[in-house]
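Novice: One structure is given below, represented as structure tokens, and several questions about it will come after.
The values are calculated or read from the model by the stated rules, or taken from the named source; none is laboratory data. These numbers come from a predicted model, not from an experiment. Cβ coordinates were reconstructed from backbone atoms using ideal geometry, including for glycine residues, and neighbour counts include every protein chain displayed. Areas reflect the complete protein model, heavy atoms only, side chains present, ligands, DNA and RNA absent. Shrake-Rupley method; radii C 1.70, N 1.55, O 1.52, S 1.80 Å.
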Amino acid sequence: MATLTEATTPAPTPAPARTVDIMLVDDHAIVRQGLRSILEREHDLRVVAEASTAAEALAVVGRARPAIVLLDLKLSTSSDTEGLDLCEALAAEYPELAILVLTTFLDEQLVLRAVKAGARGYVVKDVDMTGLVRSIRDVARGESAFDARSAAAMVRGLKAPPVTDEKKLTAREREVLGLLARGLSNRDIGSRLFISETTAKFHVGNILRKLDVTRRAEAVYEASKMGVI
């Protein structure tokens, strides 16, 4: 008996993945070079522009028209959060632009401020590259993207009671303030709290800003009046 062979319909060819154009904004050239070399190994990711300052980023983004800006929050030695202002400016001028914060700093209020400024995601720089690439693809699809620690920090910030003059310092900032009162340097504070000297400096800067003072001794004095230490 002859065997009938069923006709088979060729499987449709999958559509090629859309290439995601990315702009890197970081004040360290070596960081940008490292990110570029790693991201461009992915078939669907392409770095189309770089910037090291907020002014440069604003000048370049209109020409490059990236889909995503990968943004560090610290873009100069004079400010620890200059990237927040840039994030807000970019989100206002280019509402279709997806901004993903990639930074060293992790603080519940900082994560919330970044989201309010227009960021669609927040990732800490020690994330593995698989996690970073996944976050980039998530925001490219219109989703939000947070690594586990950033998401937890955001939840803590959302659950925190309303900020008042007496309660606006975070638990970590109160720890740093206690060490400031003992005369420790940023390096020593970092060593005691198992954080980097840069992160310790960031917390000290936040404390000075929140207490509306310019010197460490003034911060200790104001905090003692408030009963924080």
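Novice: Which order do you get for K201, K125, K225, K74 if you rank them by accessible area with a 1.4 Å probe, largest at the top?
Specialist: Values: K201 95, K125 65, K225 125, K74 35 Å².
The ranking, largest first, comes out as K225, K201, K125, K74.
Novice: When the solvent-accessible surface of protein heavy atoms is calculated with a 1.4 angstrom probe, in what order do I229, I22 fall, highest first?
Specialist: So the residues, ranked largest to smallest area, are I229, I22.
Novice: Taking Cα pairs under 8 Å and at least six residues apart, what relative contact order does region 87-192 come out at, in percent?
Specialist: On the way: 101 pairs, mean separation 25.1, N = 106.
It rounds to 24 percent for region 87-192.
Novice: Moving on. Please work out whether region 20-159 counts as rounded, prolate or oblate from its C-alpha gyration tensor, where a ≥ b ≥ c are the square roots of the eigenvalues and a/c under 1.5 means rounded, while otherwise a/b larger than b/c means prolate and anything else oblate? Write down the numbers at each step before the final one.
Specialist: Values: a/c = 1.38, a/b = 1.17, b/c = 1.18.
Rounded shape, in that the Cα axes give a/c under 1.5.
Novice: Right, another one. Keeping all protein chains in place and using 1.4 angstrom, which order do E197, E173 fall into by accessible surface area, from largest down?
Specialist: Working: E197 90, E173 0 Å².
Solvent-accessible surface, decreasing: E197, E173.
Novice: In addition: Hey, what do the phi angles of region 128-139 turn into as Karplus ³J(HN,Hα) couplings, whole Hz, using 6.51/-1.76/1.60 and θ = phi - 60°, x for Gly and Pro?
Specialist: Listing the rounded values in order: 6, 5, 4, x, 5, 4, 4, 5, 4, 5, 4, 5 Hz.
Novice: Further question on the same structure: What's the ranking of 204-216, 98-110 by average number of surrounding C-beta atoms within 10 Å, highest first?
Specialist: Values: 204-216: 16.3, 98-110: 22.5.
My ranking of the peptides, most packed first, is 98-110, 204-216.
Novice: Here's something else I'd like to know. With label points built 7 Å along Cα→Cβ from the Cα atoms of E40 and E143, find their separation and express it in nm.
Specialist: 2.8
Novice: For region 92-229, rounded, prolate or oblate, judged on the Cα gyration tensor with a ≥ b ≥ c (square roots of eigenvalues), a/c < 1.5 rounded, else prolate if a/b > b/c?
Specialist: Values: a/c = 2.57, a/b = 1.83, b/c = 1.40.
Verdict is prolate for region 92-229.
Novice: A follow-up question, please. With respect to the cross-link table entries K125/K225; K125/K210; K74/K225, which display a Cα-Cα separation exceeding 27 Å? Walk me through the numbers before you get to the answer.
Specialist: Numbers: K125/K225 37 Å; K125/K210 25 Å; K74/K225 31 Å.
Beyond 27 Å between Cα atoms: K125/K225; K74/K225.
Novice: In percent, how large is the relative contact order of region 171-226, given Cα pairs closer than 8 Å and 6 or more residues apart?
Specialist: Computed over region 171-226, the figure is 33 percent.
Novice: Under the definition of Cα pairs under 8 Å and six or more residues apart, what whole-number percent is the relative contact order of the chain? Don't skip to the answer; put the middle values down first.
Specialist: Details: 315 pairs, mean separation 28.5, N = 229.
12 percent.
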